[in-house]
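The values are calculated or read from the model by the stated rules, or taken from the named source; none is laboratory data. What you see is a predicted model, and the numbers here were worked out from it, not measured in a lab. As a convention, Cβ positions derive from the backbone with ideal geometry for all residues, glycine included, and neighbour counts pool all protein chains shown. These accessible areas exclude ligands, DNA and RNA; they are computed on the full protein's heavy atoms, side chains included. Shrake-Rupley method; radii C 1.70, N 1.55, O 1.52, S 1.80 Å.
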Amino acid sequence: MTIAHDLTFTLLDISVIRSPLVDSMLPYSYLRTLPRLLLLLLIVQMPICLVLAQDTTPEKNLWHITPRGSIVLHIDSSLALPHADHIEMSGKLCAGIISYSIDTDHRLSISKDVIFPQLRTYIKSDDPAWKKYRAYFRRTVDQDMAPRISCNQTLIAPSQIDSIEIDGMIRFHYTPTGGLQLSRTIYPAMDQRLIVEEWNVKNVSSESQAIAVAPLHHQVTEPGHRGRYDFLVHAESTPETNLAPGATYSFPVYHGALLEGEKKEDLDAAAARTSRTSFLDICRNHAVLETPDPVLNQLFYFSKIRAAESIYESSMGLVHSPGGGNYYVGIWANDQIEYSGPFFPYMGYDVGQQAAYDAYLVFLRNIPTDGGHIPYAFEVDGHYPMTHLDRGDAAMIAYGTSRFALSTGDIQIAKSLWPLIEWSLSYCHEHRNAAGAVLSESDEMEGRIETGDANLSTSTLYYGGLMYASDLSRSMGLSAKSETYSQRQTEMAQVIENYFGADMDGLETYRYYDGNTDLRHWICLPLTMGIDQRKVGTLAALFDRLWTDDGVLVQLDPLEADDDQVFWDRATLYALRGALRVQETDLAMQKIRHYSTQRLLGNH
């Protein structure tokens with residue numbers, strides 16, 4: 001049995017998606033509204049961060065899309081040097097943040113922050129208590145720990161960097177030196193505690209070359225909660241080999257972690273490459289976005305990679321986590337329940353769907369029985385529930401869980417998660433102020449900025465939860481419950497208008513809370529739910545007053561210097577979703593193209 005869900009989303013005739021699931025799940029699907037699916041996916045793969053606003057618009061694109069489905073940065077006279085950047089890649093048991101810099105002489109330096117999230121270490125006696133949440137076994141491998149390659153009894157130093165290519169792996173190509181051309185390809189194993197750096201040596205001369213790789217083995221040990229941890233950097237050394245003209249010799253450098261009793265032979269670079277390639281094939285061939293704009297198509301593909309690779313084995317099952325060097329093997333009511341969960345059913349990636357379902361089940365098992373608020377996160381492999389703050393998480397859960405259940409089209413999943421949806425909606429209904437706005441101590445920004453005791457985000461997400469739960473309950477045959485939620489949705493629309501509707505900075509839009517005087521980023525949320533009474537003023541606020549080259553500012557504060565103002569990517573993406581939702585397609589697509597070009601082809 002499938003769940004019928006009739007959505008009235010904007011359709012853009014330029015967009016087509018190919019997925020094995022499109023016709024087998026729902027009669028009406030989010031897949032018919034691809035620009036908003038793109039934005040949902042972008043929200044999924046954004047790390048948790050606040051970033052200072054700055055003008056980073058390049059005079060021309062730094063990166064270029066190739067027919068191979070990759071992007072390439074050419075290190076030529078058009079690139080301002082020095083240049084530095086980084087990228088994160090991950091598998092179920094590891095993550096690697098690869099930082100690289102190029103100096104004015106075109107010399108490349110690479111640093112690898114290798115993280116093993118499940119291997120918790122002891123914190124130091126003088127560390128603050130919060131450090132236990134980030135105590136991952138990790139090591140930084142700098143440029144000086146690299147294999148030594150000789151050719152005809154001469155050590156070969158990598159020459160100037162020629163280009164960098166990203167295609168789900170990151171590849172560094174050097175210009176030829178001494179008749180040899182070197183390249184390095186870095187990628188994570190999908191099922192091992194292993195980051196691989198694959199070196200390729202190609203003979204571009206007309207004569208045979210005698211190649212040798214000196215032994216490289218570095219190993220350090222650290223005690224931790226699971227016993228002894230060994231971190232090793234190991235290159236497979238090779239006796240002297242004759243390399244014919246045009247031939248290539250490849251060897252891996254392992255960056256791995258071992259528990260007591262494990263051996264370096266247990267790590268398998270060939271299996272790592274196979275697993276990564278298979279994963280990228282799934283991302284490439286499932287839920288494929290096809291538009292006339294190659295930037296949108298490419299960014300959608302890369303966003304699928306980042307969202308789907310950031311899934312980890314845990315005591316909670318498979319779980320998606322944001323990463324970013326700080327957030328692993330944990331789940332949050334916003335990141336997983338509201339953002340990533342509703343997307344994964346469309347990708348056709350079983351691991352993603354399972355990770356989403358596992359996260360919902362954790363929250364389901366932790367419904368409070370004392371009338372209190374639900375934990376907003378389960379960190380450190382699920383062993384640390386975060387219970388000290390109500391961020392409006394029940395509203396996030398009601399909204400995200402209802403959408404996930406509808407997205408799967410699976411009645412059994414819907415039934416299993418229904419108690420979580422019902423509890424969350426009931427909690428919100430019972431925790432409202434006299435005006436009907438939902439009370440919460442904060443929002444997902446967790447006190448970084450003032451939110452009052454009833455904010456627009458929490459009330460709007462509750463509205464969305466009622467909307468989708470009404471559809472879901474009707475599809476489950478719960479007609480009375482559907483009517484109740486539909487009626488409460490109508491009432492909440494009036495609360496949003498009466499309590500939050502305000503003249504802000506001369507615009508008919510929303511205040512974020514009672515007492516708020518400055519335009520705030522989350523005023524976009526009513527638009528994403530189809531509430532359009534104040535769309536003219538709200539769109540002007542978002543895309544004229546709050547918009548920067550980096551996206552939407554968190555808050556327009558006239559007293560702050562430009563360099564001190566911050567933006568948050570997820571709010572920018574929600575704002576773009578909102579513009580599409582209320583039929584402002586031309587405006588939305590203009591901003592989406594700007595944003596996508598910045599993120600894909602500009603700096604970082």
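Here residue 206 passes the criteria (1) touching a Gly at 6+ places or on another chain (Cβ under 9 Å); (2) surrounded by 19 or more Cβ atoms within 10 Å (Cβ to Cβ) except the one numbered (2).
Condition test on residue 290, is it among the acidic types (Asp, Glu) and either free of Cβ contacts under 8 Å to residues at least 60 places away in the same chain or in contact with a helix residue (DSSP H, G or I) (Cβ under 7 Å, 6 or more places away or on another chain) (or both)? Here the answer is yes, as residue 290 does meet what is asked.
Take the conditions in a helix (DSSP H, G or I), within 18 Å of the chain's Cα centre (by Cα) and in contact (Cβ under 8 Å) with a residue 60 or more places away in the chain and apply them to residue 296. Does it pass? Criteria met by residue 296. In region 510-525, the residues that are without any contact (Cβ under 8 Å) to a residue 60 or more places away in the chain and farther than 17 Å from residue 570 by Cα form Cβ pairs under 9 Å with partners that are of a type in the set (A, V, I, L, M, F, W, C) and not in a helix (DSSP H, G or I), at six or more places apart or across chains, as follows: 510/502; 510/504; 511/502; 511/504; 517/504; 518/504; 518/556. Candidates 308, 272: the one that is over 15 Å from the mean Cα position of the chain (by Cα), assigned to a helix (DSSP H, G or I) and at pLDDT 95 or above is 272.
Looking only at region 536-551, decide whether some residue is open to solvent by less than 30 Å² (accessible area, probe 1.4 Å), at pLDDT below 95 and not polar (S, T, N, Q). Taking every residue of region 536-551 in turn, at least one turns out to be open to solvent by less than 30 Å² (accessible area, probe 1.4 Å), at pLDDT below 95 and not polar (S, T, N, Q). Scanning region 492-535 for residues that are in contact with a Gly (Cβ under 7 Å, 6 or more places away or on another chain), surrounded by fewer than 19 Cβ atoms within 10 Å (Cβ to Cβ) and farther than 25 Å from residue 447 by Cβ returns a single hit, 508. Checked against the criterion of being assigned to a helix (DSSP H, G or I) and open to solvent by 20 Å² or more (accessible area, probe 1.4 Å), the candidates 413, 421, 449, 397 yield just one match: 413. A Cβ distance below 9 Å, combined with a sequence gap of six or more or placement on separate chains, defines the contacts here; from region 577-589, residues that are among the hydroxyl-bearing types (Ser, Thr, Tyr) reach residues that are modelled with pLDDT of 95 or more and open to solvent by less than 50 Å² (accessible area, probe 1.4 Å) in the pairs 585/579. Only residues that are of a type in the set (A, V, I, L, M, F, W, C) and in a strand (DSSP E or B) were counted across region 77-99, and they come to 7. Across region 232-286, the qualifying residues are those that are in contact with a Gly (Cβ under 6 Å, 6 or more places away or on another chain) and closer than 21 Å to residue 303 by Cα, and the one among them that is least open to solvent (accessible area, probe 1.4 Å) is 280. In region 400-410, the residue that is most open to solvent (accessible area, probe 1.4 Å) out of those that are on the phi < 0 side of the Ramachandran plot and either touching a Gly at 6+ places or on another chain (Cβ under 7 Å) or in a loop (DSSP other than H, G, I, E, B) (or both) is 410. Out of 514, 471, one residue alone is out of contact with any Ser or Thr (no Cβ under 7 Å at 6 or more places or on another chain) and in a loop (DSSP other than H, G, I, E, B). It is 514.
Could you say whether any residue in region 547-568 is acidic (Asp, Glu), free of Cβ contacts under 8 Å to residues at least 60 places away in the same chain and not in a loop (DSSP other than H, G, I, E, B)? Scanning region 547-568, I find no residue that is acidic (Asp, Glu), free of Cβ contacts under 8 Å to residues at least 60 places away in the same chain and not in a loop (DSSP other than H, G, I, E, B), so the answer is no.
Of 350, 358, all but one fail to be within 19 Å of the chain's Cα centre (by Cα), closer than 25 Å to residue 282 by Cβ, open to solvent by 10 Å² or more (accessible area, probe 1.4 Å) and without any contact (Cβ under 8 Å) to a residue 12 or more places away in the chain; the exception is 350.
Counting only strands (runs of 3 or more DSSP E) that sit wholly inside region 100-199, those with at least 2 residues that are more than 29 Å from residue 244 (Cα to Cα), open to solvent by less than 60 Å² (accessible area, probe 1.4 Å) and in contact (Cβ under 8 Å) with a residue 24 or more places away in the chain are 108-120, 136-141. Among the residues of region 321-331 satisfying the criterion of being open to solvent by less than 10 Å² (accessible area, probe 1.4 Å) and part of a strand (DSSP E or B), which is farthest from residue 404 (Cα to Cα)? Across region 321-331, the extreme among qualifying residues is 323. Scanning region 365-394 for residues that are part of a helix (DSSP H, G or I) and open to solvent by 40 Å² or more (accessible area, probe 1.4 Å) yields a single hit, 365.
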